[in-house]
Amino acid sequence: MKAVLVDEVSKRLVIGETAEPSPGSGELLVTVKATALNRADLLQKRGLYPPPPGASDILGLEMSGIIEEIGPGVSGWSKGDRVCALLPGGGYAERVVIPAGMAMRIPSSFTFEQAAGVPEVFLTAYLNLFMLGGLKQGDTVLIHAGASGVGTAAVQLVREAGAASIVTAGTEAKRKACLELGAAHAIDYKAGPFAPIVKEQTGGKGADIIMDFIGASYWEQNLASLAVDGRLLLIGMLGGAKVPEVNLGVLLSRRLQVIGTALRSRSLADKLDLTRRFAEFALPRLEDGRLDPVIDSVWDWQDVEQAHAHMEQNQNIGKIVLRVSS
Ligand SMILES: NC(=O)c1ccc[n+]([C@@H]2O[C@H](COP(=O)([O-])OP(=O)(O)OC[C@H]3O[C@@H](n4cnc5c(N)ncnc54)[C@H](OP(=O)(O)O)[C@@H]3O)[C@@H](O)[C@H]2O)c1
């Protein structure tokens, strides 16, 4: 089958031939219709984010497609069913094998391109907000990079939970998109410090939860933005990994929690549990439009290099999708 491969010398992405996967017990073989980009793909391409042990070394953390073959011991699925799923790798390919429990039925009104934009960012946002962050009605969540793939999913989930979100985003168009998705306030982080604005917007209390993809460069301001008992979910490190000085006293005196989190390295059992919980919460909402993946753009997978450049340049609002087959 064909797949996007990384050229060893140039590190450019090229479509080439690779081995055909075949489903084992409890697995499904899916013909991939669309996949979507994630920031991790940019790192993996450069050899900076190796796949977890046992995972495909082909890029791609999610896909949508059609079930082509059903492995022994699988029930509840038929050939031809439209599914999407989170993957540990292997999405940038014509076919992929998934554990049957990872498959989510695609809402009837969805295109494959829309469905490909759901798994990674919505599951990440769901895991962090509800299962790790303890989000509850009435909370305020500060979401950095609000117009990112994960950010646009998080803003919608916060709204559905009856909570309020404040986002940071780097352009007027991104801030407008976040407000349209339901954010209560959008901060231009390039215009000055965000912490005083978060304090002002929360009547001096601070945010209950922060979804942070930025890391080191936001550390001090993040702590200053949290309410007493607040939780900082450290999900990415776009702004660096090393903080020169840490005052533990701030964590202790204001009872703050810092939670490091990574979805890809979790066990299959964890991912099955997450997928089941998320599907129960979100599939009815995706079906009736309360939740809607924000699709920035759709590219033919032949143009994967240009699609990656678009993400690299921070141009996307929501998901960048690759069409693998029509
Ligand atoms: N831990 C996990 O399990 C997990 C899972 C999924 C994703 N992630 C992480 O979550 C983050 C978002 O992923 P994504 O695929 O949704 O990203 P994305 O759509 O590519 O969006 C990232 C956005 O972050 C902003 N940004 C980039 N560098 C920045 C910096 N130095 N300081 C401030 N803002 C910066 C840019 O928006 P502006 O124009 O607004 O600056 C950029 O468009 C990534 O770091 C990714 O690795 C983690």
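Just give me the residues in segment 228-283 being without any contact (Cβ under 8 Å) to a residue 40 or more places away in the chain and among the β-branched types (Val, Ile, Thr), in sequence order. If the condition is that a residue be without any contact (Cβ under 8 Å) to a residue 40 or more places away in the chain and among the β-branched types (Val, Ile, Thr), then Val228, Val243, Val246, Val250, Val258 are the ones that fit. Looking only at segment 237-251, residues that are over 30 Å from the mean Cα position of the chain (by Cα) and on the phi > 0 side of the Ramachandran plot come to 0 in all.
The helices (runs of 4 or more DSSP H) found entirely in segment 101-189 that carry 1 or more residues being away from the ligand (no atom under 13 Å from the Cβ) are 112-116, 149-160, 172-181. Of all residue pairs spaced 6 or more apart or on separate chains, those with beta-carbon atoms under 7 Å, a first member in segment 69-98 that is at positive phi and a second member that is assigned to a strand (DSSP E or B) and aliphatic (A, V, I, L, M) are Gly80/Ile66; Gly80/Ile67; Gly90/Val96.
Okay, residues lined up against (1) surrounded by 19 or more Cβ atoms within 10 Å (Cβ to Cβ); (2) of a type in the set (A, V, I, L, M):
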position: Ser253; (1), (2): no, no
position: Ile259; (1), (2): no, yes
position: Asp270; (1), (2): no, no
position: Arg277; (1), (2): no, no
position: Pro284; (1), (2): no, no
position: Glu287; (1), (2): no, no
position: Leu291; (1), (2): yes, yes
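Pro51 meets each of the listed conditions (1) buried (at least 21 other Cβ atoms within 10 Å of the Cβ); (2) assigned to a loop (DSSP other than H, G, I, E, B); (3) more than 16 Å from the chain's Cα centre (by Cα) apart from (1). In segment 219-305, counting only strands (runs of 3 or more DSSP E) that sit wholly within it, the ones holding 3 or more residues that are more than 16 Å from the ligand (Cβ to nearest atom) span 226-234. Restricting attention to segment 46-54, does a residue exist that is more than 25 Å from His310 (Cβ to Cβ), assigned by TED's automatic domain parsing to the domain that holds Asn316 and modelled with pLDDT of 95 or more? No: zero hits. Restricting segment 74-89 to residues that are small (Gly, Ala, Ser) and surrounded by fewer than 20 Cβ atoms within 10 Å (Cβ to Cβ) leaves a set whose member that is farthest from Arg105 (Cα to Cα) is Ser75.
The values are calculated or read from the model by the stated rules, or taken from the named source; none is laboratory data. Predicted model only: the values in this text are computed from it and were never measured. Every residue, glycine among them, receives a Cβ derived from its backbone with ideal geometry; neighbour counts consider all protein chains shown.
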